[in-house]
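Trainee: Have a look at the structure that comes next, please.
Readers should treat all values here as calculations from the given coordinates under stated rules, not as data from a laboratory. Quick caveat: nothing in here was measured; it's all calculated off a predicted structure. Positions of Cβ are backbone-derived with ideal geometry, glycine not excepted, and every protein chain shown enters the neighbour counts.
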Amino acid sequence: MSNQSKKSNRVKPSTAFGAARKTKKADANTANLIPLPKGAKKERKRIGQGPGSGMGKTSTRGQKGQKARASSMRRGFEGGQMPLHRRMPKRGFTNIFHVVFQPVNLGDLTRYNLSGSVTPEILEQKGLIKDAAGLIKVLGTGDLKSSVSIIADACSKSALEKLQKQGGTFTARVKAKPETAKN
């Protein structure tokens, strides 16, 4: 057996070529495993397990000093020099009114052979969107082969033109506003 076949197949092959073979697969257990080559598995360094280990007492940290302590130097600490993350300039801002849509391309509707009425629940079942309750926007990438009536929250101009060209429609989904308690 070559070196290559030993690496890829750790279970010994069956020796009964002419005999009726068992339908059950051979389980890998200690009886039929081929041993790993020497040096293939390195044991982890066990620190602080006494002087006999060679890594006892100071546990490979040396004598005293900042690096020997248990809680030394936080992440990004540069010895008192101004750390890199504080030297870099601040840029931009986070828009708190940012709205994230789940995109659905017209080409995806064709790929999944969707026709007729397409609801957010159908899109979620097909895996085109993650959450049917989330915001959905129809985009015009790809071609539409059949007439589709789609219900979503938004639609691009190119997608609307392609939908109408095929005889389909777009219906904007109306979210119900939560009722407020009147005092």
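Trainee: Mind counting the residues in segment 140-176 that are out of contact with any Gly (no Cβ under 6 Å at 6 or more places or on another chain), basic (Lys, Arg) and not in a loop (DSSP other than H, G, I, E, B)?
Mentor: Summing the residues that are out of contact with any Gly (no Cβ under 6 Å at 6 or more places or on another chain), basic (Lys, Arg) and not in a loop (DSSP other than H, G, I, E, B) in segment 140-176 gives 2.
Trainee: Could you check residue 108 against (1) under 29 Å from the mean Cα position of the chain (by Cα); (2) assigned to a helix (DSSP H, G or I); (3) of a type in the set (D, E, K, R); (4) more than 30 Å from residue 156 (Cα to Cα) and say which number it fails?
Mentor: (4)
Trainee: Would you say residue 66 is surrounded by 10 or more Cβ atoms within 10 Å (Cβ to Cβ) and free of Cβ contacts under 8 Å to residues at least 40 places away in the same chain?
Mentor: So residue 66 does not fit the description; no.
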